[in-house]
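Note sheet for the following structure.
The values are calculated or read from the model by the stated rules, or taken from the named source; none is laboratory data. Since the model is a prediction, treat every value here as computed from it, not as a measurement. Here the Cβ positions follow ideal geometry from the backbone for every residue, glycine too, while neighbour counts run over all protein chains shown. To get the accessible areas, we keep the full protein, side chains included, count just its heavy atoms, and leave off ligands, DNA and RNA. Shrake-Rupley method; radii C 1.70, N 1.55, O 1.52, S 1.80 Å.
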Amino acid sequence: MTKKNPIEGFSKLSKAAKIEWIIYNYFDNAEKSLNTLKSYWHSNADIQKLHDEFIENSLSNFYLPYGIAPNFLINNKLYCLPLAIEESSVVAASSKAANFWLNKGGFKSTVISTTKIGHIHFLWEGNSFDDLNKFFKSIKSKLLQSTERITQNMRLRGGGIKEFSIIDKTELEKNYYQIEVTFETCDSMGANFINTVLEEISKCFKNELFASNLTENNVNVIMCILSNYTPQCIVRSEVNCTIDELHVDKEINPAEFASKFKTAVRIAEVEPYRAVTHNKGIMNGVDAIAIATGNDFRAIEASVHAYASRNGKYSSLTHVDISDGNFKFWIEIPLSLGTVGGITSLHPMVKFSHELLGNPKASELMGIVAAAGLAQNFSALRSLVTSGIQKGHMKMHLLNILNQLEASEEEKLKIIEYFKDKVPTYYSTIEIFCKIRGIENLATLRINKK
Ligand code: MEV
């Protein structure tokens, strides 16, 4: 491949010109690559246009499978959860946990708090925080007034600015201060709202400062931005049953299962290497619904992992209590979600997901997503402390391996039947595939294909 040259003004090219440039500069087989891009275009031109307008430089779409996990009983309401995810075993694990808890009272979710935070980060070269603080207090109502037009609609919905204060951060960085604003953003995730309000407050703050006797001390507003860390936007979800009801596998009695399960959670509470994998499994469920409902899973991930480290050491998001013959398993997780705004009313599949869930309010969605995370963790730990994770995982992954091998439908059926009572591995799948196809090994297959 030839040396690549940078391009100027790429975003201003037409879609066709962008594709032409990329295909001819980056791909050996132009026709094949072009066809790949085109094969993912939506057949409905309006939907394709909508997608293209979500982002800059859109060339095509990137599909994820969209699956459903039925039978989720959450706060006595039955849901089918929409999950957009590529990992083979996640939907199956969700469904399995939902079915397990269905006749044991289901999931009980409670929203603990819904506050979000944003900051104006600035440097000030004065030396008396007291003076700055007094000044801030004297202009607080003006700052609030400056946002009235922007917060009007949100206030009508019961949200808006809850509090704001000035904070001395000079211990962290010379001359560093913050105006911290807390918000209630109702059913929207609120990022745009928060950032707009902060920028308005910042403008007013600077104007007031310049008009004041503090002006000789240079003020430098560095940035105005919400924080994606939302430790005051928390939801808890719980399942519980008697120990006797914990029949999960013939091979293990309920009391032994409960005890191993509790130890597995304990290990994730105290041991960061395990905690990361443990929480990753939780995020399998959380992210899949976040994507399906048009929520920002990167923001959620960032917040969740910061929260998991809030006590100075990365730890489990879930916990277990076993007492008086009862088993209680719960999650506490920060989830800043929206059911309005963003792409929620634009993306047809996102709208489908919201309707599937009964068009929940953001607080209800928080409870649903937390339950999905807890369910994933229950299924993962259930497998880990009994049969091992590979049994279920490889059963679901088998089709991926067979598709990689380009197995025919008939070969697939034979191989699935062969593994009915065995745990497939990558190598055993290749072995049986070669045997059924009557070839010595994969190398022979490749040579024959050439
Ligand atoms: C795989 O995506 C998730 C698990 O590793 C989670 C866990 O180990 O708890 C199975």
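The table that follows gives values for the structure above.
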| item | result |
| --- | --- |
| Residue-level accessible surface for ILE416, protein heavy atoms, 1.4 Å, Å² | 70 Å² |
| Which listed pairs, of LYS104/LYS260; LYS12/LYS206; LYS104/LYS395; LYS77/LYS313, have C-alpha distances above 30 Å, in listed order | LYS12/LYS206; LYS77/LYS313 |
| Isotropic mean projected area of the C-alpha convex hull, region 342-400 (nm²) | 5.8 nm² |
| For the chain, alpha-carbon Rg over 2.2 N^0.38 Å | 1.20 |
| Top positive-direction residue, dipole computed over region 289-338 with Cβ charges, set SER309, PHE327, ILE289 | SER309 |
| Per-selection metrics, region 392-449 (Cα): Rg and Dmax in Å | 10.9, 34 |
| Accessible area of ASP324 in the full protein assembly, 1.4 Å probe (Å², nearest 10) | 140 Å² |
| Within the chain, helix-based [θ] at 222 nm, where runs of 4 or more DSSP H residues each add -39,500 (n - 2.57), nearest 500 | -15500 deg cm²/dmol |
| When the convex hull of its Cα atoms is projected in every direction, mean area for region 1-127 (nm²) | 16.8 nm² |
| Exceeding the 32 Å Cα-Cα cut-off - candidates LYS174/LYS361; LYS116/LYS328; LYS108/LYS391 | LYS174/LYS361 |
| Counting all C-alpha pairs of region 210-365, share separated by more than 28 Å (%) | 41 percent |
| Pairwise centroid distance, computed over Cα atoms, of region 189-266 with region 398-418, Å | 44 Å |
| Rounded Å value of the spacing that divides the Cα centres of region 306-330 and region 1-57 | 47 Å |
| Given 12 as the ceiling on other Cβ atoms within 10 Å, longest exposed-site-free region of the chain for GluC sites (Glu not before Pro) in DSSP loops | 252-405 |
| Charge tally in the Cβ shell below 15 Å around TYR273, where Lys, Arg are +1 and Asp, Glu are -1, TYR273 excluded | +2 |
| Degrees between helix 254-270 axis and first principal axis of the chain (Cα, 0 to 90, nearest 10) | 40 degrees |
| Ratio Rg/Rh, restricted to region 116-226 and using Cα atoms, in which Rh is the Kirkwood radius | 0.98 |
